[in-house]
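A.B. asks: Handing you this structure, nothing more for now.
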Amino acid sequence: MTANQGNGFPMNPTMLRAAYVSNSIETMSPGRMIVALYERLALDLERAEQAILASDPATAHECLLHAQAIVTELHDALDVEAWPAARSLKDIYVFLLFELIASNVEKDSDRVAGCRSLVVPLRDAWNEAAGIVTSSGGSAVRSVGGSA
């Protein structure tokens, strides 16, 4: 399956996927963007923990670096002037960053699990705040009329 780019050249499947992902991200509401970041953060932590337990340090390292980048982005996006409670959330993000760095250096699955135990309830709270309900299968669906 190919489609034409604006320059008339066909797009291969990889280019089509990249364009789809780019458009999806660019059109996300701020609330949905936060939820997507938390979902990916939780996934990175799960994968890192599994990789450490499977003695795969390269995969663990990659996942933990990505998790650090997400936490940094979440930290930097908070505006303590607009939302005074953001200071407490910033403190949690700083703690998470220290733990992620230490767990990466030490390849400590227990520390990664501890980070995940902080992230998952935050992800669920942001899901709820954004009006998104997690189905029993784990996928996020938009709540309509107050029911899932």
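Read-outs: derived from the displayed coordinates by stated rules, not from any lab. Quantities reported herein were computed from a predicted structural model and do not represent experimental measurements. Cβ coordinates were reconstructed from backbone atoms using ideal geometry, including for glycine residues, and neighbour counts include every protein chain displayed.
A.B. asks: Give me, ordered by chain and number, the residues 5 or more places off M11 or on other chains with an amide H under 5 Å from its own placed amide H.
C.D. replies: A3, N4, Q5
A.B. asks: May I pose another question? Would you mind getting the Kirkwood hydrodynamic radius of the stretch 31-132 from its Cα pairs, rounded to one decimal in Å?
C.D. replies: 13.7
A.B. asks: Set the Förster radius R0 to 22 Å, insert the Cβ-Cβ distance between E73 and E106 as r into 1/(1 + (r/R0)^6), and round the FRET efficiency to 0.05.
C.D. replies: So, using R0 = 22 Å, E works out to roughly 0.35.
A.B. asks: Multiply the residue separation of L65 and V94 by 0.36 nm, subtract the distance between their alpha-carbon atoms, and state the gained length in nm to one decimal.
C.D. replies: Details: separation 29, 0.36 × 29 = 10.44 nm, distance 1.47 nm.
Once the chain is fully extended between L65 and V94, it gains 9.0 nm.
A.B. asks: Ok, one more. What does the charge add up to near A51, with Lys and Arg as +1, Asp and Glu as -1, over the other residues with Cβ less than 13 Å from its Cβ?
C.D. replies: Net charge in that neighbourhood comes out at -4.
A.B. asks: Within the stretch 106-129, name every residue whose backbone N is under 17 Å away from a label modeled 7 Å from Cα of W83 along the Cβ vector.
C.D. replies: Residues 119-129 qualify, since their backbone N sits under 17 Å from the label point.
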